[in-house]
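Input: a single structure, listed below in structure tokens.
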Amino acid sequence: MRALKTVVKLFLWLSLLTIITVGVLLPGTWMYTAANLQNQIESESDVEIHLRQSIESERQSVQIGRPASARVSVKWEKPDFSRLPKHLIAFYITATGCPDYFRSPREEGWPWSKRLFASLQNRILDGDGACELIFARNLARRLNMKTDLQVAVAADRVHHFLAKDQLVAFDLHSMWFDHGVIGVETASEVVMQKPLTQLNLAELAELQLAIPPWGFWDDIKNCRNAAKLKEARDSLLAELAGIGHISDEMSRTASAQPVRCLSVKR
């Protein structure tokens, strides 16, 4: 009987400790971290302003070493989802693991909170909300967040202020490829030597290979292993056709084209 009472008391103490931890310590730590972020995020404008300062500073550092005649604008425009080619968006959300990203509702409330806390334990929960978190975490890191908790808190703030399409736009427009090369529009000018809006389907697939999670930037920039690049590009095209984002005919036509890097002057 005494042993049973001891077990009951132990259980009650453990329950009380869990309640204190979950109900007091974790929220308190979260709020303290939110109040002491490197960059405060209280609106969409804050996300834009902090990214602009970081990106323009990086671009300026590259321009300083160039002669005046070779310098270009360092200005970073506000991300605009409508400027992004729809097929590039399809490639990106598919590569990230959420081909139906825009067919699912935005994740809110408890499901989102559960996802955030799971991420602090290095667990990834199923669902398109996983990509919302990936995009928000990408932005949090570019806002100079360092620790896992800072990244999670900042990602939560970013997710609160940006809609699903804005998460994708801000992510792609602030993505770092190389020293001073930031955003997919600039990346297209550098490796494809064409404006992003002028890339055809095959070229967009090739550009996607330079974007995470693939990360073949140097290979495309220097056109290394062109045959393997074409094979990987064609695989992306076939995948997009397989899930219905493009037709089989579009995939075959694009796959018949040589890779763009072979015709770029370096």
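The values are calculated or read from the model by the stated rules, or taken from the named source; none is laboratory data. Everything numeric here is computed off the predicted structure, so don't read it as measured data. Virtual Cβ from ideal backbone geometry, glycine too; neighbours counted across all protein chains shown.
Among the residues of segment 62-88, count how many are assigned to a helix (DSSP H, G or I), in contact with a helix residue (DSSP H, G or I) (Cβ under 6 Å, 6 or more places away or on another chain) and either farther than 24 Å from ILE243 by Cβ or aliphatic (A, V, I, L, M) (or both). Lay out the reasoning, then the answer.
Initially, segment 62-88 is screened for residues assigned to a helix (DSSP H, G or I), giving 62-63, 68-70, 81-83, 86-88.
Checking the rest, the ones that are also in contact with a helix residue (DSSP H, G or I) (Cβ under 6 Å, 6 or more places away or on another chain) come to 81, 87-88.
With the extra rule that they be either farther than 24 Å from ILE243 by Cβ or aliphatic (A, V, I, L, M) (or both), the set shrinks to 88.
Selection size over segment 62-88: 1.
As an exercise: evaluate ALA205 against (1) out of contact with any Pro (no Cβ under 9 Å at 6 or more places or on another chain); (2) surrounded by fewer than 19 Cβ atoms within 10 Å (Cβ to Cβ) and give the number of the one condition it does not meet.
Only one criterion in (1) out of contact with any Pro (no Cβ under 9 Å at 6 or more places or on another chain); (2) surrounded by fewer than 19 Cβ atoms within 10 Å (Cβ to Cβ) is unmet by ALA205, namely (2).
Would it be correct to say that CYS131 is outside any helix (DSSP H, G or I) and within 22 Å of ALA205 (Cβ to Cβ)? Explain how you work it out, then say what you get.
Working: outside any helix (DSSP H, G or I): no; within 22 Å of ALA205 (Cβ to Cβ): yes.
Taking the combined requirement at face value, the residue does not satisfy it.
Inspect segment 135-145 for any residue being modelled with pLDDT under 95 and at positive phi and give the result as yes or no.
Checking segment 135-145: at least one residue is modelled with pLDDT under 95 and at positive phi.
For segment 83-92, which residues satisfy the criterion of being surrounded by fewer than 20 Cβ atoms within 10 Å (Cβ to Cβ) and touching a residue at least 24 places away in the same chain (Cβ under 8 Å)?
ARG83, PRO85, ILE89
Sort out for me the helices (runs of 4 or more DSSP H) sitting completely within segment 139-233 that have 2 or more residues that are closer than 15 Å to GLU44 by Cα.
Values: elements: 148-161, 164-173, 184-187, 201-208, 217-222.
Of the helices (runs of 4 or more DSSP H) lying wholly inside segment 139-233, those with at least 2 residues that are closer than 15 Å to GLU44 by Cα span 148-161, 164-173.
Take segment 29-87 and flag every residue that is of a type in the set (Val, Ile, Thr) and closer than 29 Å to ASP100 by Cα.
Those that are of a type in the set (Val, Ile, Thr) and closer than 29 Å to ASP100 by Cα: ILE41, VAL47.
Name the residue that is modelled with the highest pLDDT, counting only residues in segment 231-266 that are surrounded by 13 or more Cβ atoms within 10 Å (Cβ to Cβ), farther than 16 Å from ILE89 by Cα and basic (Lys, Arg).
Here the residue is ARG252.
For segment 214-243, which residues satisfy the criterion of being at positive phi and over 23 Å from the mean Cα position of the chain (by Cα)?
The answer is CYS223, ASN225.
Out of the residues in segment 40-57 that are crowded, with 16+ Cβ neighbours inside 10 Å and either aliphatic (A, V, I, L, M) or not assigned by TED's automatic domain parsing to the domain that holds ARG142 (or both), which is farthest from the chain's Cα centre (by Cα)?
Out of the qualifying residues, it is ILE41.
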